[in-house]
1. Quick check: pseudo-label points 7 Å beyond the Cα along Cα→Cβ at ALA23 and MET94, how many nm apart are they?
2. Quick one: 3J(HN,Hα) in Hz for segment 77-88, Karplus 6.51/-1.76/1.60 with θ = phi - 60°, rounded, Gly and Pro as x.
3. Stretched out fully, how many nm does the piece from SER46 to PHE73 gain, at 0.36 nm a residue minus the Cα gap?
4. Working out 0.36 nm times the residue gap between GLU117 and GLN14, then minus their Cα-Cα distance, what length gain in nm do you get to one decimal?
5. If you average 1/r over all unlike Cα pairs in the chain and invert the result, what Kirkwood radius do you get in angstrom?
Amino acid sequence: MPVRKIVLDLALNQKPYQEGEEAHLPNMVLLETLETADVEIWDIFSPEAKVFIRPNASLSDLRPDIHKNVLAFPPRKVLHEGASLKYITTAVSMPDSDFSGITGFKLSGRYPKAIYEETIKPVL
């Protein structure tokens with residue numbers, strides 16, 4: 001069975017932005033057509049970090065952990081509602097239980113299982 005590659009982003013415009021960028025972002029992204037993207041250091045580090053990073057630095061020098069993730073999970077670029085977005089795996093984690101056991105946090109007043117059942121599962 002082939003693996004489906006999808007992007008589902010429900011929190012894109014809810015993240016903290018500094019210059020009102022969220023006004024130009026879609027409310028959600030759900031796509032199956034993804035292009036592979038290149039990663040540049042500035043995709044990971046803020047522009048303010050430029051003064052601390054030598055000009056010829058590579059991602060493998062600065063963040064070998066992220067570099068390994070990028071090799072295992074290639075970054076993807078999507079075009080959605082006029083916005084060009086890159087998705088780069090900077091970390092990988094896994095809960096030690098199923099969704100019903102994840103009760104340490106809520107997003108918009110809902111536990112992860114409810115978010116999956118009510119929001120994600122219906123569109124898959």
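No lab work stands behind these numbers, since they all come straight from the coordinates. Keep in mind that this is a model prediction, so the values were computed, not measured. Ideal geometry is used to build each Cβ from the backbone, glycine not excepted, and the neighbour counts take in all protein chains shown.
1. 4.3
2. Each residue's phi maps through the Karplus curve to give 10, 10, 10, 9, 6, x, 9, 9, 10, 10, 10, 10 Hz.
3. 7.5 nm
4. Values: separation 103, 0.36 × 103 = 37.08 nm, distance 2.07 nm.
Length gained between GLU117 and GLN14: 35.0 nm.
5. Details: mean 1/r = 0.0586 Å⁻¹.
So the Kirkwood estimate lands at 17.1 Å.
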